[in-house]
Amino acid sequence: MILNVAASNEQLVVAPERLIVAGYTGRDEAAVAAHIAELEAIGVPPPPSVPAFYELDPALLTTDAVIEVGGPATSGEVEPVLVRHRGRHFLGVGSDHTDRDLERTDITASKAACPKPVGATVVEIGAGMATLDWDRLTAVSSVDGLTYQRGSVATLRHPADLLERMTAALGEVTGDLVLFCGTMPLLGGEFVHGDHWRIHLELPAGTVLAHTYETKRRSL
C-alpha cells in the first residue's frame, strides 16, 4: 500500500507482515457481553476471547475505490486502524468488510472473504502513541448516502491496550503490522448490505481521515 502522511509530503510504502482485526473491543465489558449474547441469539458464534483477535492475510488490505465481494450479504464497519511501519506508529481509517452469511458459522472465514479497505492518508502518532488524543476521536460510516454509524472512539479500548492484549493472545508480533481496532454499534441496529460506503475519522484538530469505496459482485 502507498500511504500519505497528513501534514507532510511523506509517502510510505507499506507491505505489512501481519494483519490483525480486533473484535469486541469495547471498554464497557458488560455491554460487550450483552452484545455477544445478542449475536449468539441470531446464530453468530461467540468469540474465543474478549477482545478477539483474528489474523488475516495482509493481501486483503487495499486503498482501492472498488472492491469485489462474493455474495449479496456483505457489509462494512468503520474502524480506527493502527499501522506500525519500521517502528513508527500511524493512525488511519478502515472498514472491516465482512460476509454476514458466512459470519453465522465461521467468523474468521467471514472476515477473510472480503477485502479490507483503508484510507490512503494516515497521521503519525509516535511510538508511545502519546500524541493520540483517543477519547476525542469520532468515527462515522455511511452506506448508500445514509448514516450507518456515528460514535466516539472513547467507547473502544486504546490501541496501546489492544497491542498488549494482542501480544498476550497471539504471542509477540514483530515487524510491520496493521491492526483494526474495533467499531461502534449500528445506528439502526441491523446490518445493511449496500453498495456505496464512506468511512471517516474526525480528529480533534479538524483533520478528517476518510475513504469511500464501492462493492461489486465477483464474476463467477
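The values are calculated or read from the model by the stated rules, or taken from the named source; none is laboratory data. This one's a predicted model, so the numbers in the text were calculated from it and none came from an experiment. Note that we place each Cβ from the backbone using ideal geometry, even for glycine, and neighbour counts take in every protein chain shown. These accessible areas exclude ligands, DNA and RNA; they are computed on the full protein's heavy atoms, side chains included. Shrake-Rupley method; radii C 1.70, N 1.55, O 1.52, S 1.80 Å.
Points to keep in mind about this one:
- Dipole-positive endmost among 83, 45, 98 within the chain (Cβ charges, Cα centre): 83
- Rounded to whole numbers, the Karplus 3J(HN,Hα) couplings from phi for region 101-118 are 5, 5, 4, 5, 10, 8, 5, 4, 5, 5, 6, 6, 7, 10, x, 10, x, 9 Hz, using 6.51 cos²θ - 1.76 cosθ + 1.60 with θ = phi - 60°, and x at Gly and Pro.
- Distance between the pseudo-spin-label points of residue 9 and residue 196 (7 Å out from Cα toward the beta carbon): 3.5 nm.
- Karplus-derived 3J(HN,Hα), 6.51/-1.76/1.60, for each residue of region 154-159, Hz, glycine and proline x: 4, 6, 9, 5, 5, x
- Ordered by solvent-accessible area of protein heavy atoms (1.4 Å probe), largest first, the residues 191, 90, 53 come out as 191, 53, 90.
- Take the Cβ atoms of residue 105 and residue 138, set R0 to 22 Å, and the FRET efficiency comes out at 0.05.
- Ranking 193, 85 by solvent-accessible area of protein heavy atoms (1.4 Å probe, all protein chains present), from largest to smallest, gives 193, 85.
- The relative contact order of region 61-212 comes to 30 percent, based on Cα pairs under 8 Å that sit 6 or more residues apart.
- Calculated FRET efficiency for the pair residue 64/residue 88, C-beta based, R₀ 25 Å, to 0.05: 0.55
- Measuring nothing but protein heavy atoms, the accessible surface of region 10-124 at 1.4 Å probe radius is 52 percent carbon and sulfur.
- Value of [θ]222 nm, deg cm²/dmol, for the chain, DSSP H segments ≥ 4, -39500 (n - 2.57) each, nearest 500: -4500 deg cm²/dmol
- Mean accessible surface per residue for the chain, computed with a 1.4 Å probe while every protein chain stays in place, in Å²: 46 Å²
- Rounded to the nearest 20 debye, dipole of the chain from Cβ charges on Lys, Arg, Asp, Glu: 280 debye
- Cα point-scatterer Debye curve for region 150-220, base-10 log of I(q)/I(0) at q = 0.22 Å⁻¹: -1.14
- In Å², nearest 10: area of residue 190 left accessible to a 1.4 Å probe: 130 Å²
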